[in-house]
Amino acid sequence: VILDASIEVRSAIVYASFIVAFVFLPVLTMTGLQGRFFAPLGIAFILATLASLIVALTVTPALCYVLLGRAKPHQEPKYLVRLKRIHQSALEKVIAWPRTVMLIAFLMFVAALAMLPFLGGEFLPEFREGHFVLQVSTIPGTSLIEMRRLGQIISRELLKNPQIATVEQQMGRAEMGEDTWGPHRSEFHVELKPSSGAMQGKVQDEIRATLAAIPGIQSEVLTFLGDRIGESISGETAQVVVNLFGDDLDMLDRKAREISQVLSKVHGAADVQVKSPPGTPGVTVILRPDRLTQLGFRPVEVLSALQTAYQGSVVAQTYEGSKVFDVAVILHPNERQDAEAIGQLIVRNATGIRVPLSALADIDFKPTRYAILHDGARRRQTITCNANGRDVTSFVHEAAQQIAAAVQLPGGLYITYSGAAEEQARAQREILLHSLLAAAGIVLLLAIVFGNWRNLLLVCANLPFALVGGVLAIFLVGHFGDKEQGGLSLGTLVGFVTLFGITMRNSIMMISHFEHLVCHEGMPWGLPTAIRGSDERLIPVLMTALVTALGVLPLALGSGEAGREIEGGMAIVILGGLITSTALNLLVLPMLALKYGRFALAPTETETAAVI
């Protein structure tokens, strides 16, 4: 009995397990940041599936032989008998109305497809780490002393929040540091007291409100991972990056201000910043060629004197043992800080004539730029922001429409969008392409299993049912639960991949059992065989769905908590899809198999010999 039962399910189990492995190939082949996140999940899932396959083919039959042989004959529990009766009654009603059931299932699938564009999406969900990084910028040229004073004010205001434990300020720049900010930019590290994911989101909004009430600063509130992920994707810390390219710096600055004003009015916009604003106070020294010629000075002599005075020049070296030290000449710090004294700098030419710098150049105080951004040898101005309370994809779509309508760009200027939304679109295209390649391998395996294109399509027919449940679960969570989990992200896409693998395995087990009843047990294909096959697969299918659902239920219930942001969305999709796919697998699939399936009786030995 054990041998026959093992042989009956062996082929279906083997091929179903390999199909699950094929389903996860798109996850394994993901590149970039998303590949780093999800490739370990795919490897673990495939190895666990293959390990369970080996156990199912070897250890499980051996344990059945050792343990079940001692079991006494018994009847099924009453609740299972009652459950099978309910299932059989429901199946008979479904089979009696095939067209109506197929129409309802088709409409559900169409509704799920129509709902997809309205779900929105994001590259990765907002992480809840119990820690925030605040990027605070003031007018370029602000001194460290002033930034320290502002930092004390900001720290006092933030610490009034009862959920904030500590606030640390980081300003200035280390000698060999990675960050090349000027003194006008400072970073705050805010540590929260232990709290839930929802509370952390509320605190983030309160921090933004606190910073918005302080005049003269631009601010951005991020998590540490969000900061690093944003920099890895686009070079900027924010989720949404608008790059404006052109040659005229003044025109770039004007249009960047217009774009930032439009972005600020988009629903959900937060932390809008122009990354390289003009207006840095500076001293401009413009040499006068007529005065240089009249007094016998060369431009290089004047510029060298300026460099030595304000930047320093190495004039000698001194030795201490094996160490070498440069000796530099530079003005005293008190004299360098006096901008009015620049014109009094004495410059000497080769003949020994000494004159003040004001006699050779026009010295003026006017706004300058502390940095000019470039990308691919093109000048650019960058505007960044974050999407607060809505998904990034829909935010970028709406922002692009409003910018196109409100901002008129002259010739030579153009806009590109980057950040999380662009990276998500690229990841989706990558998953879709690799999924098509994996689908080709799955179809080949199914063709080997069934050798019948009708039965092959029956196995694939359950995939739309799984899609319906997953989409519905995301929709319900987004509207009645955690809004941050109510959109398409990489986590939910991986959830759909997992769900399709589980669903296809259950379908294979169902269709292969129908084939076994007809081909090996000699039952004629008809309503009694369809009901019996579905009835005998009821408990295995339900157990598979229940065990998986119970496994992901804690992740789904705590999807908004820290550490479950990615797996939470994946669990919601799997849980919702399992409900619809299991119900339709047990009810609609037998009806479709009865109407469209083709199960031929296996030839007997006599018939086979006659054919030979």
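The values are calculated or read from the model by the stated rules, or taken from the named source; none is laboratory data. Everything numeric in this text was worked out from a predicted model, so none of it was measured. Ideal geometry is used to build each Cβ from the backbone, glycine not excepted, and the neighbour counts take in all protein chains shown. Note: areas computed on protein heavy atoms with side chains; ligands, DNA, RNA excluded. Shrake-Rupley method; radii C 1.70, N 1.55, O 1.52, S 1.80 Å.
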## Note on the structure
Considering region 469-479, residues that are surrounded by fewer than 24 Cβ atoms within 10 Å (Cβ to Cβ) and more than 21 Å from Gln200 (Cβ to Cβ), and then whichever is modelled with the lowest pLDDT, we arrive at His479
### Query
For region 443-456, does any single residue satisfy the condition of being under 25 Å from Thr31 (Cα atoms) and open to solvent by less than 30 Å² (accessible area, probe 1.4 Å)?
no
### Task
Could you run through region 56-95 and say how many residues are over 43 Å from the mean Cα position of the chain (by Cα) and of a type in the set (Gly, Ala, Ser)?
4
### Query
If you take the residues in region 386-398 that are touching a Phe, Trp or Tyr at 6+ places or on another chain (Cβ under 8 Å) and modelled with pLDDT of 80 or more, which one is farthest from Val262 (Cα to Cα)?
Ala387
#### Entry: Yes/no for Ala427 being within 16 Å of the chain's Cα centre (by Cα), farther than 30 Å from Ala583 by Cα and either of a type in the set (Ser, Thr, Tyr) or part of a helix (DSSP H, G or I) (or both)
yes
### Message
Given the criterion within 25 Å of Arg208 (Cβ to Cβ), at pLDDT 85 or above and part of a strand (DSSP E or B), identify the matching residue among Ile415, Ile383, Ile363.
### Response
Ile383
### Summary
Checked Val547, Val518, Val541 against criteria (hydrophobic (A, V, I, L, M, F, W, C), surrounded by fewer than 16 Cβ atoms within 10 Å (Cβ to Cβ) and not in a loop (DSSP other than H, G, I, E, B)); the one match is Val547
### Query
Hey, among Gly69, Gly35, which residue is at negative phi and open to solvent by less than 40 Å² (accessible area, probe 1.4 Å)?
Gly35
### Query
Taking Ile286, is it of a type in the set (Val, Ile, Thr), open to solvent by 20 Å² or more (accessible area, probe 1.4 Å) and either in contact with an Asp or Glu (Cβ under 6 Å, 6 or more places away or on another chain) or closer than 24 Å to Ser394 by Cα (or both)?
yes
## Note on the structure
Flagged in region 72-85 as in contact (Cβ under 8 Å) with a residue 12 or more places away in the chain and open to solvent by 60 Å² or more (accessible area, probe 1.4 Å), in numbering order, are Leu83
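Let's see how each residue does on (1) of a type in the set (Gly, Ala, Ser); (2) within 19 Å of His87 (Cβ to Cβ):
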position: Asn506; (1), (2): no, yes
position: Met509; (1), (2): no, yes
position: Ser512; (1), (2): yes, no
position: Glu521; (1), (2): no, no
position: Pro524; (1), (2): no, no
position: Arg537; (1), (2): no, yes
position: Pro540; (1), (2): no, yes
position: Thr544; (1), (2): no, yes
position: Pro554; (1), (2): no, no
## Note on the structure
When restricted to Thr180, Thr142, the only residue open to solvent by 10 Å² or more (accessible area, probe 1.4 Å), at pLDDT below 80, of a type in the set (S, T, N, Q) and under 19 Å from Gln218 (Cα atoms) is Thr180
### Task
Determine whether Ile104 is among the β-branched types (Val, Ile, Thr), assigned to a helix (DSSP H, G or I), within 35 Å of the chain's Cα centre (by Cα) and loosely packed, with under 14 Cβ neighbours inside 10 Å.
yes
### Query
Does Leu158 qualify as being on the phi < 0 side of the Ramachandran plot, open to solvent by less than 70 Å² (accessible area, probe 1.4 Å) and touching a Leu at 6+ places or on another chain (Cβ under 7 Å)?
no
### Summary
Scanning region 208-243 for residues that are under 16 Å from Ala420 (Cα atoms), aliphatic (A, V, I, L, M) and open to solvent by 40 Å² or more (accessible area, probe 1.4 Å) gives Leu225, Ile233
### Message
For region 527-552, which positions are in contact with a helix residue (DSSP H, G or I) (Cβ under 8 Å, 6 or more places away or on another chain) and over 24 Å from Pro77 (Cβ atoms)?
### Response
Leu527, Thr529, Ala530, Val552
### Message
I need every pair where a residue in region 471-483 that is among the aliphatic types (A, V, I, L, M) has its Cβ under 7 Å from the Cβ of a residue that is modelled with pLDDT under 60 and crowded, with 16+ Cβ neighbours inside 10 Å, sequence separation at least 6 or different chains.
### Response
Ile474/Gly486; Val477/Gln485; Val477/Gly486
#### Entry: Subset tally (residues that are under 27 Å from Pro281 (Cβ atoms), touching a residue at least 24 places away in the same chain (Cβ under 8 Å) and more than 52 Å from the chain's Cα centre (by Cα)) for region 293-334
2
### Task
Within region 16-32, track down each residue that is open to solvent by less than 60 Å² (accessible area, probe 1.4 Å) and of a type in the set (Phe, Trp, Tyr).
Phe24
### Message
Looking only at region 367-380, how many residues end up being modelled with pLDDT under 80 and in a strand (DSSP E or B)?
### Response
2
## Note on the structure
Log entry, pairs with first residue in region 544-567 being modelled with pLDDT under 80, second being of a type in the set (Asp, Glu), beta carbons closer than 6 Å, six or more apart or on different chains, reads Gly560/Asp482
## Note on the structure
In region 183-196, anything over 12 Å from Glu129 (Cα atoms) and open to solvent by 50 Å² or more (accessible area, probe 1.4 Å) is listed as Pro183
